[in-house]
Every structure is written in C-alpha cells, then in structure tokens.
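What follows is a short report on a single structure.
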Amino acid sequence: MSLTSWTALFTETPEVTWLNQNTPSLSKKINDLFTLKFFLNLVQIKLCLVKPYFENKNYPLVEARELLPSFEADLYEYENLPGFSLVALARPIDYFHEIFQFDILHTSKEKFYQENTICPLPEIIFENNLNTFLSRLPKAYQDNFKQKFKDQDLTSLATYPDLLPYILEMDRAHVLALDGEDNFYLAGVYASFPSDLDTELKRFGLRIKKFKPNDNCLYELNRSFVYQFLMELYGFPIVSERRTSAALFSRRLFKLGENFLIRVLGQSDRTITTLYSHPENKFYPRVEKIALVSVDNPKPEIHNFLSQKGFYLDEKRKVVILKITYKQHKYDPNNIREDRALSISKQEIIHPLTYQKMDHINVIKDTYTLVLKLNDIVKGEFTGRVKYKREIVEGTDTHEKRLKFLYAWLTKHQRRIIGYSDEFYANVNKVLDNYLLNSELFDIFNEHNNLYREVWEKYSYIQQARKIKILEDLKERIYNNQKIDYLTMLKLTYKIINDLRFEAVTYFEDIISKAIAILDKMLSDSYLVKQYIKQKEDNLTPYGQEIKKIYGRLVSLLDELKAIQKTKTRELGYGTI
C-alpha cells in the first residue's frame with residue numbers, strides 16, 4: 001500500500017459503503033455488539049493506527065513479542081499518539097442507576113422520549129449536546145468544533161468518525177448505548193470507570209488462596225503475583241490508570257451479566273484492546289488486540305504471499321494490521337505454568353483494503369524466530385530494547401546488557417519454553433548452554449556475578465519445570481501428544497519420580513510441591529483405583545497385575561518425596577504456602 005494513499009483504507013465491499021473517506025455505512029443496522037465492533041474497527045484502525053503511522057515517519061511499531069502474554073510494562077509514553085477509552089452497553093441508558101459517572105448526550109430517538117410521547121425539538125437537543133461536549137473539550141479546539149458541528153447530531157454514528165479526532169483530545173471515556181429504536185448512538189462523554197482495585201485484588205487473592213485473612217507476610221509475598229495475574233486475565237500488564245480501570249470495570253460489568261464492550265487505546269502500547277461479553281466465554285470477557293506489527297519472518301514464501309495478496313500496509317517495512325484473540329485460564333496452583341492467565345487463541349492479519357482476514361500465518365508465536373532472537377542476544381547482535389526490572393536496556397553490545405536481555409527474555413517466554421515442543425526446547429538449551437557455560441567468558445561473568453546468578457536461577461527453574469510439565473501431561477495419559485494406556489503412564493511416571501527423588505534437594509520448593517500434587521492426583525484416578533488397585537490379585541490379568549505393582553512403587557516414592565520436602569522445609573525454616 002502506498003504511503004500516500006492510506007485514505008483509501010478499506011474500499012467498498014458488499015458489507016460496507018463509505019459516505020466519505022472516514023465514514024463507513026454498513027449494509028445493516030448497528031444494533032448489536034458484533035456489528036458495532038466491526039464499525040469501530042473500520043473507523044478506529046484507520047484514524048487511530050493507520051493515520052498516525054503515515055503521518056509519523058518514526059511511528060513506533062508494536063513488536064510481536066509485546067502481544068505475547070505475559071505482557072510487559074510499557075517502555076515509553078508516546079504523548080503525540082492518540083489514546084482513548086470507551087464503553088458500549090447493549091441496552092438503553094438508565095442514567096440515575098448507572099454504576100459509573102459520565103456527561104449524558106441525548107437523541108430524539110432515545111427510549112425516554114418515546115415512552116413519554118414527547119416530541120423534543122432537534123435544535124434544542126443538538127445545542128445541549130454541543131454545550132456538553134464543549135465543556136469537556138480543551139479550549140484550543142472549541143472554536144473549530146463549534147463551527148464544524150453547530151447544526152449536527154453529535155450522537156449519530158454517521159458523525160462519529162468526524163468527531164473522533166476531538167474525542168481523542170478529551171479526558172476520560174465516551175459512552176455508546178442503544179436508543180429507542182435499538183440502534184447504537186453516542187450516549188455520553190467524560191466517563192469515569194470505577195476502579196476498586198484494593199477490594200478486587202484482595203478478594204481475588206483470597207479466592208485463589210494466595211492470601212489469607214490478616215496475614216500481612218503472605219500478602220506482601222504474593223501481592224505482585226496476584227496483581228499481575230488479575231490484570232493479565234483482562235489483557236494488560238500492571239500499567240496506567242486508564243487500562244487498569246478499564247480492566248476492573250469490565251470485570252464488574254461481566255459479573256453483573258451486562259452485554260457490553262469496553263475498548264482502550266494506550267498511547268504507550270499503541271494497541272487497541274477490546275474486552276466484551278461473548279456467549280462462549282462463561283467466566284471472563286473476551287480479549288482482543290489490534291496493532292500495527294512488522295512481520296519478522298525469515299521465510300521468503302511468507303513475504304511473497306503477503307505481498308502478492310496485498311496484506312502489507314507498508315511493504316517496505318513489512319507492516320501488517322494484526323488482530324489477536326486471547327483465551328483466559330483459571331488459576332490452578334498445581335499447574336507448573338502457574339502464572340499463565342492468558343494464551344493466544346487466534347491471530348489474524350487484516351487486509352488494509354478489503355478488511356479480509358487471514359489466519360494461517362503465524363506472526364507472533366513463531367518458535368524459529370524466537371530462537372533466532374535468542375541467538376542474536378547472546379551474540380550481541382540484537383538491537384532492540386527491553387525492560388530489565390525498572391531499567392530500560394538498549395542493545396546487547398556488552399555482556400552485562402546481554403545478561404539483562406537474557407533475564408528479561410527468559411522471564412517473558414518462561415511458560416512457552418516449559419510448554420513448547422522438545423525440538424524448540426533443545427534449540428533453546430543449545431544456545432543458552434553455549435553462552436552461559438563458555439569458559440572463556442567466566443571472568444566476565446564473575447564481574448557480573450549477581451546478574452549471572454539471576455539468569456541461571458531463571459534458567460534452572462525452567463529446566464526443572466519442564467520435567468514436571470511432562471508429569472502434567474502424563475496425568476492426562478498424554479505423552480508426545482499421543483494418548484497412552486495406564487501401564488505406560490505409570491511406567492513413565494515412575495522413571496521421572498525415581499530420578500526426581502535424587503535431585504529433589506536441588507529443586508525449587510514450589511516445583512516439588514507441584515510434582516507431589518500432580519502425583520497425588522494421578523494415583524487418585526477413580527477408574528485406575530477401582531479397576532486395578534482395589535481388585536484382588538487373582539482377579540487381575542498380567543497387565544492389571546503389572547499396573548498394581550508399579551502403582552505400589554509410586555506410592556512409596558510419593559511418601560519418600562513428601563518426607564524430603566518436609567525435611568527441606570524444616571531446614572529452610574519456613575512453612576509451605
């Protein structure tokens with residue numbers, strides 16, 4: 001797509017015609033959240049992502065890794081880029097009983113006027129809406145706004161694209177709702193999303209048993225984990241008030257059973273995040289993100305396909321419009337990937353002219369690219385930036401920076417390294433071992449001993465967790481993505497646990513606890529116990545007798561593992577959490 005022709009974004013299709021270069025007119029009424037989301041995508045992708053991209057030669061594209069959970073804290077705030085938040089309620093406004101504050105806008109089609117058979121003058125409604133809008137608009141924009149919208153209906157979605165540049169200059173959120181004819185309209189501005197973070201955080205921490213009432217030590221120890229997990233369920237890291245309040249407000253609306261959509265664009269993340277109720281999501285609102293991303297894939301056939309089919313927004317920089325849909329996971333203390341709140345369900349590249357979506361190219365979960373970047377880091381050839389704790393690190397030209405990058409990379413991709421294929425894990429191991437065990441670098445590593453130890457600790461945790469992840473799969477009778485029988489499950493488990501008892505003293509406490517919990521659950525399998533363990537020896541086939549024999553050995557190993565854990569806990573001087 002030409003840098004000078006971005007205004008042609010999304011040409012006419014059977015679903016969409018355009019009233020002008022910014023205003024789509026859909027072939028059906030905008031009276032449900034799915035259609036509204038489609039309309040908002042057309043307008044906001046064009047005006048809030050693409051327009052700033054072509055107006056700013058140094059537009060900071062979103063790196064693919066930024067869309068991978070767990071999400072990282074923002075590196076910079078780009079004050080010149082647009083940002084907004086909005087809430088859409090798939091029902092009429094009930095102003096007094098709404099659970100948030102905003103300045104209401106009126107339309108002659110709203111339910112109140114129809115129920116009370118009132119015929120208000122459109123001119124009066126338009127003027128009142130104009131004054132409401134002006135009262136919240138920065139003074140520098142008021143004269144232009146008044147001149148442009150003096151006699152227009154500010155609530156109509158036909159006006160929304162022209163109104164959006166001014167909305168972007170306002171503080172707080174705007175509100176959409178259904179009118180008396182069940183069509184969406186702009187129902188309010190200057191909305192504040194309620195954010196009772198303290199209550200929600202403590203309630204959630206108590207529910208997942210990371211907190212206990214009146215236990216200050218446990219609260220201090222686990223608060224950051226609970227905070228990060230809670231925020232990630234709603235698609236954000238621990239960041240700005242705008243995104244925190246949007247996450248918590250969506251949580252509240254979902255609990256109330258509202259049919260809603262919340263959307264946020266952060267100036268720092270340059271990503272449109274949408275949270276909305278969906279019939280397939282029973283426990284949390286669905287999370288989607290849309291951003292401009294550069295396709296970093298070494299395969300020429302991928303680039304040829306995207307180029308030939310016209311999916312590049314900017315072919316020179318290999319920029320695409322990428323949409324990601326996520327899946328939430330309930331907290332499970334016995335899951336070795338305990339911190340996994342979110343994973344990628346679907347990724348789609350949006351065609352910049354037709355809005356056609358293509359989902360068969362892996363842009364952000366490409367394991368080959370992940371290993372290439374890891375290799376670039378240890379070689380000092382990676383030129384990006386990363387946040388190491390609270391420090392922004394640029395480039396990898398020194399070993400100190402490489403170690404900081406490694407720590408951040410391992411933290412970011414920990415759950416992927418634990419859960420991905422053996423081939424991917426072997427490649428990661430090879431790169432890390434070649435660097436961290438290089439005897440020629442030991443003097444340099446000694447100079448940065450604390451940093452080196454941090455990286456090793458993170459790497460060791462991943463290595464140990466990877467072994468326990470195999471146990472998790474075996475519990476479901478899965479090995480190498482194949483279904484196995486009970487005897488094979490128990491034999492493979494016995495081998496892992498037998499090795500583990502000799503290594504347990506060097507293992508992290510929480511990993512041993514998870515191994516014990518997984519084994520406990522495996523040995524409590526109701527079918528296994530009923531069909532084999534509780535049966536008399538004479539009633540069993542040779543297959544069943546073998547199962548019962550290995551089962552008994554595993555029970556002994558489990559008791560031994562529990563004794564080792566108890567001794568280790570006592571020596572360390574703290575109780576299990």
Next item on the list: Might you check whether a residue that is outside any loop (DSSP other than H, G, I, E, B), open to solvent by 40 Å² or more (accessible area, probe 1.4 Å) and either under 15 Å from ALA563 (Cα atoms) or touching a Pro at 6+ places or on another chain (Cβ under 6 Å) (or both) occurs anywhere in segment 514-528?
Entry: yes
Margin query: Exactly one condition in (1) crowded, with 18+ Cβ neighbours inside 10 Å; (2) under 29 Å from ILE104 (Cα atoms) is false for LEU201; which is it?
Written below: (2)
Next item on the list: Could you please tell me which pairs satisfy a Cβ distance under 7 Å, a separation of 6+ or placement on different chains, a first residue in segment 398-409 that is over 13 Å from GLU457 (Cα atoms) and in contact (Cβ under 8 Å) with a residue 40 or more places away in the chain, and a second residue that is assigned to a helix (DSSP H, G or I) and open to solvent by 30 Å² or more (accessible area, probe 1.4 Å)?
Entry: HIS399/ILE444
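Please work out if ASP171 is open to solvent by 80 Å² or more (accessible area, probe 1.4 Å), free of Cβ contacts under 8 Å to residues at least 60 places away in the same chain and of a type outside the set (S, T, N, Q).
Working: open to solvent by 80 Å² or more (accessible area, probe 1.4 Å): yes; free of Cβ contacts under 8 Å to residues at least 60 places away in the same chain: yes; of a type outside the set (S, T, N, Q): yes.
Yes; evaluated as a whole, the condition is true for this residue.
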Notebook entry, point to check: So which of ALA291, ALA247 ends up being hydrophobic (A, V, I, L, M, F, W, C), part of a helix (DSSP H, G or I) and open to solvent by less than 10 Å² (accessible area, probe 1.4 Å)?
Noted result: ALA247
Item checked: Enumeration of residues in segment 435-464 that are modelled with pLDDT of 90 or more and either more than 24 Å from LYS387 (Cα to Cα) or among the aliphatic types (A, V, I, L, M) (or both) -> LEU436, LEU437, ASN438, SER439, GLU440, LEU441, PHE442, ASP443, ILE444, LEU451, VAL455, ILE462
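Only one of PHE283, PHE311 is assigned to a loop (DSSP other than H, G, I, E, B) and open to solvent by 60 Å² or more (accessible area, probe 1.4 Å). Can you tell me which?
On the way: PHE311 fails: open to solvent by 60 Å² or more (accessible area, probe 1.4 Å).
Going through PHE283, PHE311 in turn, the sole match is PHE283.
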Checklist line | Among the residues listed as VAL378, VAL371, VAL386, VAL428, the single one being in contact with a strand residue (DSSP E or B) (Cβ under 6 Å, 6 or more places away or on another chain), farther than 30 Å from THR7 by Cβ and not basic (Lys, Arg) | finding: VAL386
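Give ALA158, ALA177 a once-over and let me know the one that is among the small types (Gly, Ala, Ser), buried (at least 19 other Cβ atoms within 10 Å of the Cβ) and in contact with a Leu (Cβ under 7 Å, 6 or more places away or on another chain).
Values: ALA158 fails: buried (at least 19 other Cβ atoms within 10 Å of the Cβ).
Only one candidate qualifies: ALA177.
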Item checked: Which listed residue is among the basic types (Lys, Arg), on the phi < 0 side of the Ramachandran plot and at pLDDT 90 or above, from LYS57, LYS46 -> LYS46
Next item on the list: Return yes or no: is VAL319 farther than 22 Å from TRP409 by Cα and open to solvent by less than 30 Å² (accessible area, probe 1.4 Å)?
Entry: yes
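Would you mind stating whether GLN152 is open to solvent by 30 Å² or more (accessible area, probe 1.4 Å), part of a helix (DSSP H, G or I) and of a type outside the set (D, E, K, R)? Please lay out each step first, then the result.
Numbers: open to solvent by 30 Å² or more (accessible area, probe 1.4 Å): yes; part of a helix (DSSP H, G or I): no; of a type outside the set (D, E, K, R): yes.
No.
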Notebook entry, point to check: How do the strands (runs of 3 or more DSSP E) wholly within segment 1-98 filter down when requiring 1 or more residues that are surrounded by 18 or more Cβ atoms within 10 Å (Cβ to Cβ) and under 21 Å from the mean Cα position of the chain (by Cα): which remain?
Noted result: 84-89
Note to self: Restricting to segment 250-269, and then to whatever is more than 20 Å from HIS174 (Cβ to Cβ) and of a type in the set (Lys, Arg), can you tell me which residue is least open to solvent (accessible area, probe 1.4 Å)?
What the structure shows: ARG251
Next item on the list: Mind listing whichever residues of segment 534-553 are at pLDDT 90 or above and aliphatic (A, V, I, L, M)?
Entry: ILE547, ILE550
Note to self: Can you tell me which condition ALA140 does not meet? The list is (1) open to solvent by less than 80 Å² (accessible area, probe 1.4 Å); (2) modelled with pLDDT of 90 or more, and all the others hold.
What the structure shows: (1)
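The values are calculated or read from the model by the stated rules, or taken from the named source; none is laboratory data. Computed from a predicted structure; not experimentally measured. So basically every Cβ, Gly included, is an ideal-geometry build from the backbone, and we count neighbours across all protein chains shown. Protein only, heavy atoms only, side chains kept; ligands, DNA and RNA dropped before computing areas. Shrake-Rupley method; radii C 1.70, N 1.55, O 1.52, S 1.80 Å.
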